[in-house]
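Chemist: Okay, here's the structure, questions in a sec.
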Amino acid sequence: MRLISAQALKEKLDRGDPLKLVNALGEWEYQAAHIPGSLHFATPEETLRALARDDEIVVHCSNPSCMASVALYQLLERNGYRNLRRFAGGLQEWQEAGYPLEGTMVDSHGDRPRTSVTSTPPRRPGSPPLSAESSDRPQAPWS
């Protein structure tokens, strides 16, 4: 698996390199916070339709232990995509480097989430606490 650092990714984005930055998280997480310019797809089929096999593609998720980007990388690789990299540090490393995020949970300056990008969504009043084994938020389709 080929990796890319936060700094190298930021430089590519700043230069306007023609890459497809794909957020491998679920819809809720993507809406909450994402790297500006990143793409999100609801299904594996949509992902494969939207990306060309010769595109430069960088996949990422929330943090180094998140496996959604690994699963997406493997899905793309199995389907003939070869110009792939994984930004393993994800949103956590991006945020820690001081790079901007955007989304519904990001403050107006775009420099930090209103809450941690790895936190769980707010609970509805009267609902039971979420556990690691059971979550009512949708998961990424490749995880």
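Chemist: Quick one: how many residues across the stretch 50-62 are closer than 21 Å to Q31 by Cβ and either β-branched (V, I, T) or buried (at least 16 other Cβ atoms within 10 Å of the Cβ) (or both)?
Modeler: Adding up the residues that qualify gives 6.
Chemist: While we're on this one: Can you tell me which residue within the stretch 94-113, out of those that are at pLDDT 95 or above and of a type in the set (G, A, S), is surrounded by the most Cβ atoms within 10 Å (Cβ to Cβ)?
Modeler: By that ranking, first place goes to G103.
Chemist: Could I ask something else about it? Could you list all residues from the stretch 64-83 that are surrounded by fewer than 17 Cβ atoms within 10 Å (Cβ to Cβ) and within 14 Å of the chain's Cα centre (by Cα)?
Modeler: P64, S65, M67
Chemist: Do any helices (runs of 4 or more DSSP H) entirely within the stretch 1-104 hold 1 or more residues that are at positive phi and touching a residue at least 12 places away in the same chain (Cβ under 8 Å), and if so, which?
Modeler: 90-96
The values are calculated or read from the model by the stated rules, or taken from the named source; none is laboratory data. Given the structure is predicted, the values throughout are model-derived calculations rather than measurements. As a convention, Cβ positions derive from the backbone with ideal geometry for all residues, glycine included, and neighbour counts pool all protein chains shown.
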